[in-house]
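Q: Have a look at the structure that comes next, please.
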Amino acid sequence: MMTGSLTGKIREKGFKGELREDEPLHRHLSLRVGGPTALFAVPDNVQDVLALLGCLEEEGIPWVVMGGGTNLVFGNGGYRGCVLRLGGEFTRVQREDDLTLVAGAAVSLAALVNSSAEKGLSGMECLTGIPGTVGGAVLMNAGTSSGEIANVIDEVLLFDGRESRWVQGSEMGFSYRSSQLPEGHIILAAKFRLTPSTREEVRSRMKTVAARRKESQPAGIPSAGCWFRNPEGDSAGRLIDEAGMKGERCGGAQVSEVHANVLVNVGGATASDFLTLARKVKETVHRHYGVVLQEEVRIIDG
């Protein structure tokens, strides 16, 4: 693992945010699993990001961005590089004009949805109840059967390691639960173009979406949401369920009894338990239906 000399070099470059060495990742992931990361950094502004990435590049240290930790799995061995989680100015939501909200990548998706409702702006109701942050939601094009975040994105602020620039949402290559973020780039913020409504109407639609989600998602137990992408024209949950995998366990990891496409931590699970269980689910579905399920969660090992 790293020594304090690296954190000193990062500080010398002007980094003002939080730095922690050998930080246990299970503290930050919704699954509550994962080993330590060599360095955990929380930059407060663009200057911090520039200082951090510049030092990491000089030292040849890999890095990865974490949002809310709700769609991410690190292995038992943790991560040998730096896990970067935005903070500070990236946690703010501002109104640019009557119909446009600007949200930092570290804003929780729930806070953004609530903010739009309070302002009587419609378009984000379909995202009600989805955990995580704006950055992660944009990266993965988060959504439900009633809509996705790409539908309301106007522009995205990207950082390429040297400078930041706004790009049109159409340049992000959005598709089902994915985008085409260029390698080495970080999402810093996004602008959302919404439609006028009333607070009462938006809240009413949010309530309907929340009730529907409550019926279909396991509550009060650690998970990473849907583990697999839905195959085109089908449902991963249906395939897993009909393959007889509901309730299947590997150690402390279990296929949810409520939603077959959600793997949950029923107590004491490790990252290896989840990866083993996911592999077993994929093999079983492929054997029964000839379908190769693709992960929706991001798996980082090393």
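Q: Which of the residues spanning the stretch 103-116 are surrounded by fewer than 19 Cβ atoms within 10 Å (Cβ to Cβ) and either hydrophobic (A, V, I, L, M, F, W, C) or over 17 Å from ILE149 (Cβ atoms) (or both)?
A: Residues satisfying the conditions are ALA110, ALA111.
Q: Inspect the stretch 61-73 for any residue being more than 28 Å from SER256 (Cβ to Cβ) and part of a loop (DSSP other than H, G, I, E, B) and give the result as yes or no.
A: Yes, because at least one residue in the stretch 61-73 is more than 28 Å from SER256 (Cβ to Cβ) and part of a loop (DSSP other than H, G, I, E, B).
Q: In the stretch 57-82, which residue that is under 19 Å from the mean Cα position of the chain (by Cα) and of a type in the set (S, T, N, Q) is surrounded by the most Cβ atoms within 10 Å (Cβ to Cβ)?
A: Looking at the filtered set, the residue picked out is ASN71.
Q: Among the residues of the stretch 262-302, count how many are more than 11 Å from ALA224 (Cβ to Cβ) and not in a helix (DSSP H, G or I).
A: Number of matching residues: 13.
Q: Moving on to the next point. Taking GLY54, is it within 16 Å of the chain's Cα centre (by Cα) and either part of a helix (DSSP H, G or I) or at negative phi (or both)?
A: No: the conditions fail for GLY54.
Condition check ((1) at pLDDT 95 or above; (2) of a type in the set (Phe, Trp, Tyr); (3) touching a helix residue (DSSP H, G or I) at 6+ places or on another chain (Cβ under 6 Å); (4) within 30 Å of VAL49 (Cα to Cα)) across all residues:
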| site | (1), (2), (3), (4) |
| --- | --- |
| ARG212 | no, no, no, no |
| GLY233 | no, no, no, no |
| GLY247 | yes, no, no, no |
| ALA260 | yes, no, yes, no |
| ARG279 | yes, no, no, no |
| LYS282 | yes, no, no, no |
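Q: So, restricting to strands (runs of 3 or more DSSP E) that lie completely within the stretch 169-260, which ones have at least 3 residues that are outside the structural domain of SER108 (by TED's automatic domain parsing)?
A: Answer list for the stretch 169-260: 223-226, 253-255.
Q: Same structure, new question: Have a look at ASP154, ASP97 and point out the one that is over 23 Å from GLN47 (Cβ atoms) and surrounded by fewer than 16 Cβ atoms within 10 Å (Cβ to Cβ).
A: Of ASP154, ASP97, the one residue that is over 23 Å from GLN47 (Cβ atoms) and surrounded by fewer than 16 Cβ atoms within 10 Å (Cβ to Cβ) is ASP97.
Q: So, in the stretch 176-190, of the ones that are surrounded by fewer than 19 Cβ atoms within 10 Å (Cβ to Cβ) and either under 16 Å from the mean Cα position of the chain (by Cα) or not small (Gly, Ala, Ser) (or both), which residue ends up farthest from ASP98 (Cα to Cα)?
A: Of everything passing the filter in the stretch 176-190, GLU183 is farthest from ASP98 (Cα to Cα).
Q: With VAL102, VAL138 as the choices, which residue is touching a residue at least 24 places away in the same chain (Cβ under 8 Å) and either in a strand (DSSP E or B) or closer than 23 Å to THR7 by Cβ (or both)?
A: VAL102
Q: So, one more: From the residues in the stretch 283-302 that are in contact with a strand residue (DSSP E or B) (Cβ under 8 Å, 6 or more places away or on another chain) and either among the charged types (D, E, K, R) or under 19 Å from GLU232 (Cα atoms) (or both), which one is surrounded by the most Cβ atoms within 10 Å (Cβ to Cβ)?
A: LEU293
Q: Right, next: Looking only at the stretch 158-177, filter to residues that are out of contact with any Lys or Arg (no Cβ under 6 Å at 6 or more places or on another chain) and under 26 Å from SER235 (Cβ atoms); which one of those is modelled with the lowest pLDDT?
A: Only one residue tops the list, namely TYR176.
The values are calculated or read from the model by the stated rules, or taken from the named source; none is laboratory data. For clarity, every value in this text was computed on a predicted model and none was experimentally measured. Here Cβ is always computed from backbone atoms with ideal geometry, including for glycine, and neighbour counts include all displayed protein chains.
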